[in-house]
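Handing you this structure, nothing more for now.
The values are calculated or read from the model by the stated rules, or taken from the named source; none is laboratory data. Just so we're clear, the structure is a prediction, and the values are computed from it rather than from any experiment. Here Cβ is always computed from backbone atoms with ideal geometry, including for glycine, and neighbour counts include all displayed protein chains. Surface accessibility is based on the protein's heavy atoms, side chains included, excluding ligands, DNA and RNA. Shrake-Rupley method; radii C 1.70, N 1.55, O 1.52, S 1.80 Å.
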Amino acid sequence: MDKQAFPHTARRPQSAGRQSPAQSPQKTDDTRDMAVRIRVRNIDFYYGNSRALEKIDMDIYKNRVTAMIGPSGCGKSTFIRLFNRMNDLIPHTRLDGLIELDNRDIYSSGADVVDIRRRVGMVFQKPNPFPKSIFENVAYGLEVNGIRNKKLKEARVVDSLKKAALWEEIKDRIHESALRLSGGQQQRLCIARCLAVDPEVILFDEPCASLDPISTRKIEELLLELKESYTIVIVTHNMQQAARVSDYTAFLYMGKLIEFGETQKLFTVPRNKMTEEYLTGKFG
Amino acid sequence: MNGTKTVPFPRAGGFPKFHLRNLTQRIGFFFLFLSVMVTVLFLGVLLVFIVARGIQVVNWEFLTQPPREAMTAGGVAPAILGTFYLTLGAILCALPLGVACAIYLVEYTPKSYVVNLIRMSINNLAGVPSVVFGLFGLAIFVKFFNFGVSILSGSLTLAIMVLPSIISASQESLLAVPQSYREASLALGASHWQTIRKVVIPTALPGILTGVILSIGRVAGETAPIIFTAATFYTRMYPSSVFSEVMALPYHIYALMTEGVHADKQAPIAFGCAFILLCLVLCVSAIAIYIRQKQRSKYG
Ligand SMILES: Nc1ncnc2c1ncn2[C@@H]1O[C@H](COP(=O)(O)OP(=O)(O)OP(=O)(O)O)[C@@H](O)[C@H]1O
Ligand SMILES: [Mg+2]
């Protein structure tokens, strides 16, 4: 990490030199008129004294899939966990800068965290179903958000399980413990659970890490389908996947946003040398 | 590899036949086995001893009648009832309070120096000798609040005595709930309180129950805290309110063995009481273990 990693002010002049890759959000022709769902401005994020994210500016566009790529430990999970304020749960962390959801600062003192988290759903890196039945897992989000009607609840549960490509496999044992599902099934259950509460933005943290190619394809199809009505952010280590499903790609390295732009352009003509090296596997 | 010859891996037979590690392993296992046997032996002897001597005097009259003839005949029903009331009262006070405390300490306070200090003091409080709690109960409940020597004073004293162990057991099981469950719940738009109520507590419940089981055993069996606060040596009366003083099994055993003049007639009754106490504690444990097992197998 950076030697001078304990600044007194959030905004300080960008250090000069060849290591200054953080770029302002690129305004290509295509993006100029597009609705911004999440706006990230000049953020720094610290775990204790160590800086995990540095001077990031980025926009996440409505009804688009944005992929986050970068080597392990570069801060992808940390970054997207800021969007639903999940990092609030980790003690001794600090965020400087601005993050807006639909033009509202989600870290302002008046922000309704519970509402933000309902609107910004998340599928975690490790599958984390509750020690409850499959049905209860999916119904949980509906219950806590005040849906009591049994019929409606059941319909939503089945619908979500179908969307997550899990229904066919488990429809006969929907009242069995979710912990008895395989890792890949658990992950799809978590996706179903997330879809059930009908969020506006969905953050996927390596959703396909423990899935076989067939389930992976189903999830990818799902992502493309969801794009119609949701805004999607996906962290992935799979370059093909990023290329296949995403409209925009952000490349992070050591907590810095090295390059951000349309997937098509970033993959074919990366502007930054590091991006190119990472994409071609010549990194490090 | 440039030029270096690879050394062939020794095939079967290439190793020496005798392994010292097999011997040390056997010796190790033997000592572990021995420790288990010694423990089981003592526990077994204790059980057989209590059961064999206790069962001789236990009959329907012993369980349902008050003592007669200066405690040398009759039953111990008031003591059984007294112990039941005291234990119930203590657990009813200590369980909600202890669990609430644990939840607050684990879920609502940032992990700081102060909280650690509070946690440590609570853990240490669990090791304070019970007679100290007895004196405290005498001073506070019996005298200051003027509850007198009564079920109320005794229950409260016992509750304060087990509170630390209930709190630490609950804390342990709350801390053992994976953080990922909390994250999953909050990420779905559940409030902190919903998360605690619907995810954290149900998951921690088996562990909390285990703590409660151990506490029940301890409360039922403690003598020192109730000597000054609740127990009486002899009464033919059944308690009429929470302000009545009561007989209690552990204190009754103590009284039978140290007071009175017919030691030969009193000793068997004491063993009968010990036997009943043992049965009561085992019953409670069995119930709690059953609940715990059911909970586990449901979502195992
Ligand atoms: N809870 C935490 N406390 C302290 N440091 C952390 C914590 N979580 C992550 N970090 C550190 O922050 C950095 C970024 O971690 P992060 O999990 O965001 O990486 P990532 O890009 O998601 O990696 P991966 O691809 O392996 O999931 C790492 O150096 C990591 O060690
Ligand atoms: Mg990660």
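Within segment A:195-235, restricting attention to residues that are within 16 Å of ligand 1 (Cβ to nearest atom) and in contact with a Pro (Cβ under 8 Å, 6 or more places away or on another chain), which residue is least open to solvent (accessible area, probe 1.4 Å)?
A:Ile234
Please state which one of B:Glu172, B:Glu183 is of a type in the set (D, E, K, R) and touching a Gly at 6+ places or on another chain (Cβ under 7 Å).
Of B:Glu172, B:Glu183, the one residue that is of a type in the set (D, E, K, R) and touching a Gly at 6+ places or on another chain (Cβ under 7 Å) is B:Glu172.
Would you point out which residue out of B:Ile216, B:Ile208, B:Ile167, B:Ile227 is more than 12 Å from every other protein chain (Cβ to nearest Cβ), open to solvent by 40 Å² or more (accessible area, probe 1.4 Å) and in contact (Cβ under 8 Å) with a residue 24 or more places away in the chain?
One residue alone meets the criteria, B:Ile227.
Right, another one. I'm told B:Lys294 meets every condition in (1) loosely packed, with under 14 Cβ neighbours inside 10 Å; (2) more than 14 Å from chain A (Cβ to nearest Cβ) except one. Can you identify the failing condition by its number?
B:Lys294 satisfies all of (1) loosely packed, with under 14 Cβ neighbours inside 10 Å; (2) more than 14 Å from chain A (Cβ to nearest Cβ) except (2).
Of (1) open to solvent by less than 90 Å² (accessible area, probe 1.4 Å); (2) not in a helix (DSSP H, G or I), B:Leu47 satisfies all except one. Which?
Checking B:Leu47 against (1) open to solvent by less than 90 Å² (accessible area, probe 1.4 Å); (2) not in a helix (DSSP H, G or I), the one that fails is (2).
Here's something else I'd like to know. Scan the helices (runs of 4 or more DSSP H) fully inside segment B:57-134 and keep the ones with 2 or more residues being in contact (Cβ under 8 Å) with a residue 12 or more places away in the chain, under 19 Å from the mean Cα position of the chain (by Cα) and under 22 Å from B:Gly217 (Cα atoms).
B:77-103, B:113-125
Would you check which residues across segment A:121-176 are of a type in the set (S, T, N, Q) and away from every other protein chain (no Cβ under 14 Å) and list them?
Once the filter is applied, which keeps residues that are of a type in the set (S, T, N, Q) and away from every other protein chain (no Cβ under 14 Å), segment A:121-176 yields only A:Asn149.
Of the numbered conditions (1) within 16 Å of ligand 1 (Cβ to nearest atom); (2) surrounded by fewer than 18 Cβ atoms within 10 Å (Cβ to Cβ), A:Glu100 fails exactly one; give the number of that condition.
(1)
Filter segment A:151-170 for residues that are more than 18 Å from A:Gln187 (Cβ to Cβ) and surrounded by fewer than 16 Cβ atoms within 10 Å (Cβ to Cβ) and give the result.
If the condition is that a residue be more than 18 Å from A:Gln187 (Cβ to Cβ) and surrounded by fewer than 16 Cβ atoms within 10 Å (Cβ to Cβ), then A:Lys151, A:Leu152, A:Glu154, A:Ala155, A:Asp159 are the ones that fit.
Turning to a different aspect of this structure: For residues that are more than 14 Å from A:Asn145 (Cα to Cα) and of a type in the set (D, E, K, R), tally how many sit in segment A:113-128.
So the count comes out to 1.
Would you point out the residue of segment A:65-95, among those that are within 13 Å of chain B (Cβ to nearest Cβ) and at positive phi, that is farthest from ligand 1 (Cβ to nearest atom)?
Step by step, filter segment A:65-95, then rank; the result is A:Arg85.
Here is a further query. Here are some conditions: (1) over 20 Å from the mean Cα position of the chain (by Cα); (2) open to solvent by 10 Å² or more (accessible area, probe 1.4 Å). A:Leu95 meets all but one. Which one does it not meet?
It is condition (1) that A:Leu95 fails.
Out of all the residues in segment A:129-142, is one or more open to solvent by 20 Å² or more (accessible area, probe 1.4 Å) and at pLDDT below 90?
There is no residue in segment A:129-142 that is open to solvent by 20 Å² or more (accessible area, probe 1.4 Å) and at pLDDT below 90.
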